[in-house]
1. Any idea what the dipole of region 25-85 comes to, in debye rounded to 20, about its Cα centre with Lys/Arg Cβ at +1 and Asp/Glu Cβ at -1?
2. Mind jotting down a quarter of the surface of the convex hull over the alpha carbons of region 31-146, in square nanometres, one decimal?
Amino acid sequence: MLWVICALVALWLSVICYFIHEEGGGAPADRGASSVGALRTAATAAVRARDPAAFQRLFAPDDAGPRYASRYLTRLLAHPVAGLHLATRPYQGLRHLVLRGTSGGRTVCSAWTIQRYGARSVLSAVPPLADVCGATVPPGGAHVTRVDVQ
């Protein structure tokens, strides 16, 4: 009987630890990238590969729901997007990752604020208060990476 009680307590503790780990989004090293440039590169690779899990790992753990990236990529890639590119750029004192392209003659644009999470750069799923997509890019103010997604 004592062994059964010990086994149940161990199982209960394991389940609690698992949920704490999942709620916290994993260790800080699992999130984002070591620099802003590496974050842009990782986002480009995730979009190019249509990999929602890789894209989700770029967000701060408390900012994005568990299926945020999956839903975003599904909607983004539901129709062909031409000229899709990602750029990092400063705007109103903050750095942003901006995704732009065209679909059906309309401009597609999303922007995420880049923030620090421990020693890493991560994206915030909280929409920027400023209209980053509508702002003009200053010369030399953006670092662009083209992504060919059809």
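No lab work stands behind these numbers, since they all come straight from the coordinates. Model, not experiment: these values are computed from the prediction. Virtual Cβ from ideal backbone geometry, glycine too; neighbours counted across all protein chains shown.
1. Rounded to the nearest 20 debye, it is 200 debye.
2. 6.9 nm²
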